[in-house]
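Q: Following this message is one structure expressed as structure tokens.
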4 protein chains.
Amino acid sequence: MKKTVGIIGANGYTGSELIRLLAFHPHVTLSFLYSRSNSGTRISDLYPDLTTVCEMVLTDKSEDVDILFLCLPHKESQNWLTQNPVKDETLVIDLGNDFRLEGNFGNRNFIYGLPEINKKQLVGAKSIANPGCFATAIQLALLPLAEKGVLNEVFTTGITGSTGAGQSLQATTHFTWRNDNVSAYKTLTHQHVDEILQQLIVFNNKEVNLNFVPWRGDFARGIFTSSTMKTELELEEIEHLYQDFYAEEPFVTVSRKAVDLKQVVNTNRCVIQIEKSGNVVVIHSAIDNLLKGASGQAVQNMNLAMNWEENAGLNLKPIAF
Amino acid sequence: MKKTVGIIGANGYTGSELIRLLAFHPHVTLSFLYSRSNSGTRISDLYPDLTTVCEMVLTDKSEDVDILFLCLPHKESQNWLTQNPVKDETLVIDLGNDFRLEGNFGNRNFIYGLPEINKKQLVGAKSIANPGCFATAIQLALLPLAEKGVLNEVFTTGITGSTGAGQSLQATTHFTWRNDNVSAYKTLTHQHVDEILQQLIVFNNKEVNLNFVPWRGDFARGIFTSSTMKTELELEEIEHLYQDFYAEEPFVTVSRKAVDLKQVVNTNRCVIQIEKSGNVVVIHSAIDNLLKGASGQAVQNMNLAMNWEENAGLNLKPIAF
Amino acid sequence: MKKTVGIIGANGYTGSELIRLLAFHPHVTLSFLYSRSNSGTRISDLYPDLTTVCEMVLTDKSEDVDILFLCLPHKESQNWLTQNPVKDETLVIDLGNDFRLEGNFGNRNFIYGLPEINKKQLVGAKSIANPGCFATAIQLALLPLAEKGVLNEVFTTGITGSTGAGQSLQATTHFTWRNDNVSAYKTLTHQHVDEILQQLIVFNNKEVNLNFVPWRGDFARGIFTSSTMKTELELEEIEHLYQDFYAEEPFVTVSRKAVDLKQVVNTNRCVIQIEKSGNVVVIHSAIDNLLKGASGQAVQNMNLAMNWEENAGLNLKPIAF
Amino acid sequence: MKKTVGIIGANGYTGSELIRLLAFHPHVTLSFLYSRSNSGTRISDLYPDLTTVCEMVLTDKSEDVDILFLCLPHKESQNWLTQNPVKDETLVIDLGNDFRLEGNFGNRNFIYGLPEINKKQLVGAKSIANPGCFATAIQLALLPLAEKGVLNEVFTTGITGSTGAGQSLQATTHFTWRNDNVSAYKTLTHQHVDEILQQLIVFNNKEVNLNFVPWRGDFARGIFTSSTMKTELELEEIEHLYQDFYAEEPFVTVSRKAVDLKQVVNTNRCVIQIEKSGNVVVIHSAIDNLLKGASGQAVQNMNLAMNWEENAGLNLKPIAF
């Protein structure tokens, strides 16, 4: 029998992307889509691509479900859980950043939901903190070096699509401004740095510095990052580290060929490429920020928590072009 | 047991898009991918998005299969079938234009594969001529008026993404030229006009003129068309015609809301909207040119021919953004 | 000695584009930039591309100037002139639509500022109503046929860049939505149709119908239109009409080669191409909506009114790529 | 009297961009446009935006001129000069990379044409090696720190528009591939690194390492770079260094506000912004790769060499949107 799912904040980008994924998921059925601001509106009126895919009406009432996704602005997940008690047996997956750095909240202990590091703990988990989009791309780019304990001073530039900024109308998401444009933001101060370092340090066992320069790109979906670091390891050795680390991971590919962003758009995959010159290594990684960087990873986490095949509902046709 | 599939011309855009669809199709298995020019190359080396999705190597040998897709340049399907005899029981679906206007070829009689007009004939068919991309978008926009017999002089403008021009490098697909650009081509002389009229006239029972101005757009996927015509029918009456005509069609939606191209990108759907002012009606239609306009419709036709559920393998997550 | 210029509504797209043009114009000097909403702000803080080009501060006080440009939302030009009396000898050029259909306002009689039809009246004029962007592109496409008196039923599709929608944040100018997208709006009801017909009928001397379907394009600058009509005239005859009509016009080119939008972006030019098949003619036209479609044409009108060379300040480097 | 100009390789992107600039330059007249491959073709047939701007026909004959621009593929400038002796009094400006690292060639000694470091030497010069596009953006971002002697280990990521790849048709400039895409190329091995370091070391007086990761962006014009480095200098101190260094430079702006690429597109300007957190400084710089990164800078160099005002012909209207 299919498990029931509710989405809190279903009217946003990550919420709607979850609907796109779950509408065709083999093991779940959508029970309710919660949105305070758009209650009473048909979701396909907000997102016409969902016509015939999902014709549910947004509601401001939540129900008991087997699985609950929180797609709320940062800090609102805690408020919501406080005001809307959820049964202990309900799987809660939070796509915000409320429980990423500190997972204890009431009876719940949120597991950091990057399957490539916490797979065992995620199986059967009841509370999962889904990682941030840049945090996913950058951790996957650096984890094997961290496990080897050789991470030191990393210089990362990352570029993100406009969906990363959400659906609100902003000067920096105005088409006239953003089209054909590139710009930096939150230079060296992006909120994902702490999230990344907290995980990497556990592996690396010594201090890591991450100097991260995020850029806004003139595309809607995707994140591409290049991380540069000094190392005495040989390229071949590094590639082996990565191949080994991700050998069992269905959604991470280590490529010896040039990586480009559209290889992963509309998929849950992360593609990584490693290049080296002298004693400097550069690791490129690419993800779809709404999928492996948000809603796709949330489904992957749900699959693990529910003991389903890890890729259930995630065999997505790449956009490719 | 799964049916075996071969793709001739698997290295092109429509061929590779078929692979993306069939790799996850529940009832088929890919037996071989034929390409004369890229024989010996791994398909995922040509299309890295296919990494982990399909790791087959292109071959210049064909085999007996249950289902054969021809994804060849125009006029080469006839040559190929002549030089490579195919068993009568093999389902052949041609994505080129060789059999659209004249379906008889040797023992085979190609059915025009627009399911919305030929569904009965397609069930159990062994030879299917898959429609052109603009031909699909424009026919779906006009068919209900043709069935009513009121089509007369139609003025259509359509805009297509760059994938419609294929993978060859051309001045008009150079990024530097095409980015932020719009241009007309084959004004009033597009090869799909004959294909469209041949079908419409059967329904309309009297002459139809189609004045078609195709434009190149600065996006990769999708076709958007607006067709203008004089009519005495009321808007409501026209909308009823369309709702009735497409009532049972899983992939055609008649919308009362504004249509935009991205509602259908990465799906097999066609969305139609009708507007009227005075005695002039305008019908907008939008499809993904590689899916409902090519490979997706080919899979839909295969499903019908094989008596499978019409949407098998076609529950695709929209790109949406 | 340079003439003094004031811009009312300098903070909008057309206002800022005027600044870009006038900052380098040989015969004028900017006296003040008026903006109620942004008074006190440096214009280069709103439009950083103006850094070093124009460092003036927006003001909510107007002054006496030789030339006044009104770049206000529709209907606000009348209000502004009522509340802020302007000396009779001041040249007033309105970029809104307040005086296009009806030019009499108090002592002033606004000349419709399409130089290709009203050049004589514009020389020495004191009040000019600058045409709309689509109105410019479509009139220039149809005028020679109107002058010949053969215009009848015209079917036009036009596509516009996002700057046409102004700088306000709207759902349809959100990058995430508009990128890679096409959509129709104001089908058959665009406000420029009346403006176009009012002018064309004077030439054509008999009724003209214009069925106009505007589209939104996924680029920032430019308008491309295709107008389709039945005619018994031969292509060569039509081309001669156009060549003759525009022989003396510095900013209109009749091309025998394919027209694309980027041929005119960042210029004040309009390029027209004519194609014919059977008894159907299609006229393509392309302009930059902010230049020949707005601020560039306003400068052209100023030059004419002031008896300066028509292209003063308008020798603009095309963006080309 | 105007000086005569010839362009060798006028059919390429930098050649055609020179034409766009020189057609309106107050002190020069174009004498001939040389192209071996397109001899006999009207330049406006290759670049229709040049219609009415320049209607010259490409030739394979060169003439004596006052000023000669070489816009040839790398290494072909030397060949050309060897095979086509040029009078000593002719100003030769090479836009290729033949004379950037080693300026001595026959009687000529090419000055490295970055006006912000070599302005005195450029005045009256007869041979100028125009810098590379990335080399311009990165040097302007780092020069003030080099002059202070504090440059050490720099990590730079830069993204370039497709015009940087020239007009040849390549897989990486196919619209279908490049649209919405990002990718890395020549990681740590870009040919401009040597050019950059050769200049910076002169200022810095000690070794500088530059770890440069170039990316391809999905836009046609522009370069945006972010350079990260450790330093004990305070942000304010650094900003003063930059303000001082560029105080007299008409085309370099040090901005305290966020920089985005479109602030400089279609201008000869470079905008720089400095950010700092802890002991890490990030310098962003943006240029138009075809203008300040190529043809615009070549005109600037010509102006200096000829003792004309530095910005003659370079008061370009920004594209802005």
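Q: Can we say C:I8 is open to solvent by less than 30 Å² (accessible area, probe 1.4 Å) and either touching a His at 6+ places or on another chain (Cβ under 7 Å) or more than 23 Å from C:N315 (Cβ to Cβ) (or both)?
A: yes
Q: Does D:A247 count as in contact with a Gly (Cβ under 7 Å, 6 or more places away or on another chain), surrounded by fewer than 24 Cβ atoms within 10 Å (Cβ to Cβ) and farther than 29 Å from C:L290 by Cα?
A: Spelling it out, it is not the case that D:A247 is in contact with a Gly (Cβ under 7 Å, 6 or more places away or on another chain), surrounded by fewer than 24 Cβ atoms within 10 Å (Cβ to Cβ) and farther than 29 Å from C:L290 by Cα.
Q: Quick check, is D:L169 touching a residue at least 12 places away in the same chain (Cβ under 8 Å), farther than 15 Å from D:N289 by Cβ and of a type in the set (A, V, I, L, M, F, W, C)?
A: no
Q: Now a separate question. Read through the list (1) within 14 Å of chain D (Cβ to nearest Cβ); (2) touching a Gly at 6+ places or on another chain (Cβ under 8 Å), then give the number of the only condition that C:L81 fails.
A: Only one criterion in (1) within 14 Å of chain D (Cβ to nearest Cβ); (2) touching a Gly at 6+ places or on another chain (Cβ under 8 Å) is unmet by C:L81, namely (1).
Q: Here's a follow-up. Looking only at segment B:65-91, count how many residues are among the charged types (D, E, K, R) and part of a helix (DSSP H, G or I).
A: Matching residues across segment B:65-91 total 1.
Q: If you don't mind, there's one more thing I want to ask. For segment C:242-283, which positions are in a helix (DSSP H, G or I) and among the hydrophobic types (A, V, I, L, M, F, W, C)?
A: C:F245, C:L261
Q: Would you check which residues across segment D:161-189 are touching a Phe, Trp or Tyr at 6+ places or on another chain (Cβ under 9 Å), at the interface with chain B (Cβ under 7 Å from one of its Cβ atoms) and hydrophobic (A, V, I, L, M, F, W, C) and list them?
A: D:F175, the sole residue that qualifies.
Q: Right, here's the next one. Are any of the residues in segment A:24-36 at pLDDT 95 or above, assigned to a loop (DSSP other than H, G, I, E, B) and more than 22 Å from A:N311 (Cβ to Cβ)?
A: Yes, there is a match, as at least one residue in segment A:24-36 is at pLDDT 95 or above, assigned to a loop (DSSP other than H, G, I, E, B) and more than 22 Å from A:N311 (Cβ to Cβ).
Q: Hey, another quick one. With (1) in a helix (DSSP H, G or I); (2) surrounded by 14 or more Cβ atoms within 10 Å (Cβ to Cβ); (3) of a type outside the set (A, V, I, L, M, F, W, C) as the list, and D:S62 as the residue in question, which single condition is left unmet?
A: (1)
Q: Restricting attention to segment C:16-41, which residues are more than 19 Å from C:T52 (Cβ to Cβ) and in contact with a strand residue (DSSP E or B) (Cβ under 8 Å, 6 or more places away or on another chain)?
A: Of everything in segment C:16-41, those that are more than 19 Å from C:T52 (Cβ to Cβ) and in contact with a strand residue (DSSP E or B) (Cβ under 8 Å, 6 or more places away or on another chain) turn out to be C:H27, C:S31, C:F32, C:Y34, C:S35, C:S39, C:G40.
Q: Any idea which of (1) assigned to a loop (DSSP other than H, G, I, E, B); (2) within 14 Å of chain A (Cβ to nearest Cβ); (3) surrounded by fewer than 16 Cβ atoms within 10 Å (Cβ to Cβ) is the one B:D45 doesn't satisfy?
A: It fails just one condition, (1).
Q: Answer yes if at least one residue in segment C:22-29 is within 12 Å of chain D (Cβ to nearest Cβ), surrounded by 20 or more Cβ atoms within 10 Å (Cβ to Cβ) and out of contact with any Cys (no Cβ under 6 Å at 6 or more places or on another chain), and no otherwise.
A: Checked against the condition, which is being within 12 Å of chain D (Cβ to nearest Cβ), surrounded by 20 or more Cβ atoms within 10 Å (Cβ to Cβ) and out of contact with any Cys (no Cβ under 6 Å at 6 or more places or on another chain), segment C:22-29 yields at least one hit.
Q: Collect the residues in segment C:256-291 that are open to solvent by 20 Å² or more (accessible area, probe 1.4 Å) and either facing another protein chain (nearest Cβ under 7 Å) or closer than 19 Å to C:G164 by Cβ (or both), keeping them in residue-number order.
A: Those that are open to solvent by 20 Å² or more (accessible area, probe 1.4 Å) and either facing another protein chain (nearest Cβ under 7 Å) or closer than 19 Å to C:G164 by Cβ (or both): C:K257, C:A258, C:E275, C:S277.
Q: Shifting gears a bit: Please pick out the residue among B:E232, B:E239 that is outside any helix (DSSP H, G or I), among the acidic types (D, E) and either more than 14 Å from chain C (Cβ to nearest Cβ) or surrounded by fewer than 24 Cβ atoms within 10 Å (Cβ to Cβ) (or both).
A: Selected residue: B:E232, the only one of B:E232, B:E239 that is outside any helix (DSSP H, G or I), among the acidic types (D, E) and either more than 14 Å from chain C (Cβ to nearest Cβ) or surrounded by fewer than 24 Cβ atoms within 10 Å (Cβ to Cβ) (or both).
Q: Out of the residues in segment A:292-308 that are surrounded by fewer than 24 Cβ atoms within 10 Å (Cβ to Cβ) and among the polar types (S, T, N, Q), which is farthest from the chain's Cα centre (by Cα)?
A: Applying the filter and picking the extreme gives A:N307.
Q: Then there's this: Could we say that C:V252 is touching a residue at least 12 places away in the same chain (Cβ under 8 Å), among the β-branched types (V, I, T) and away from chain B (no Cβ under 11 Å) here?
A: Yes.
Q: So, in segment A:105-139, of the ones that are small (G, A, S) and in contact (Cβ under 8 Å) with a residue 40 or more places away in the chain, which residue ends up most open to solvent (accessible area, probe 1.4 Å)?
A: A:G124
Q: List every residue pair whose Cβ atoms sit under 7 Å apart, with the two residues 6 or more apart in sequence or on different chains, where the first one lies in segment C:71-89 and is closer than 21 Å to C:L58 by Cα and the second, anywhere, is of a type in the set (V, I, T) and part of a helix (DSSP H, G or I).
A: C:C71/C:T14
Q: Any idea which of (1) more than 21 Å from A:R178 (Cα to Cα); (2) buried (at least 22 other Cβ atoms within 10 Å of the Cβ); (3) under 17 Å from the mean Cα position of the chain (by Cα) is the one D:N311 doesn't satisfy?
A: (2)
Q: Let me ask you something else. So, in segment B:205-221, exactly how many residues are outside any strand (DSSP E or B) and within 15 Å of B:T173 (Cβ to Cβ)?
A: Selection size over segment B:205-221: 5.
Q: Which of the residues spanning segment A:87-114 are more than 18 Å from the chain's Cα centre (by Cα) and among the basic types (K, R)?
A: Once the filter is applied, which keeps residues that are more than 18 Å from the chain's Cα centre (by Cα) and among the basic types (K, R), segment A:87-114 yields A:K87, A:R108.
Q: Give segment A:190-228 a look and list any residue that's within 11 Å of chain D (Cβ to nearest Cβ), over 30 Å from C:N181 (Cα atoms) and buried (at least 18 other Cβ atoms within 10 Å of the Cβ), or say none.
A: Across segment A:190-228, the qualifying residues are A:H190, A:V193, A:L210, A:N211, A:F212, A:S227, A:T228.
Yes/no matrix, rows are residues, columns are (1) in contact with a Ser or Thr (Cβ under 9 Å, 6 or more places away or on another chain); (2) among the charged types (D, E, K, R):
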position	(1), (2)
A:C270	yes, no
A:E275	yes, yes
A:S295	yes, no
A:E310	no, yes
A:L316	yes, no
A:A320	yes, no
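Q: Output the residues belonging to segment C:151-181 that are over 27 Å from C:L200 (Cβ atoms), open to solvent by less than 20 Å² (accessible area, probe 1.4 Å) and not in a strand (DSSP E or B).
A: Once the filter is applied, which keeps residues that are over 27 Å from C:L200 (Cβ atoms), open to solvent by less than 20 Å² (accessible area, probe 1.4 Å) and not in a strand (DSSP E or B), segment C:151-181 yields C:S162, C:T173, C:F175, C:T176, C:R178, C:N179, C:N181.
Q: Is it the case that some residue within segment C:284-301 is among the basic types (K, R) and part of a helix (DSSP H, G or I)?
A: no
The values are calculated or read from the model by the stated rules, or taken from the named source; none is laboratory data. These numbers come from a predicted model, not from an experiment. Every residue, glycine as well, gets a Cβ built from its backbone with ideal geometry; the counts of neighbours run over all protein chains shown. SASA here: full protein model, heavy atoms, side chains in, ligands and nucleic acids out. Shrake-Rupley method; radii C 1.70, N 1.55, O 1.52, S 1.80 Å.
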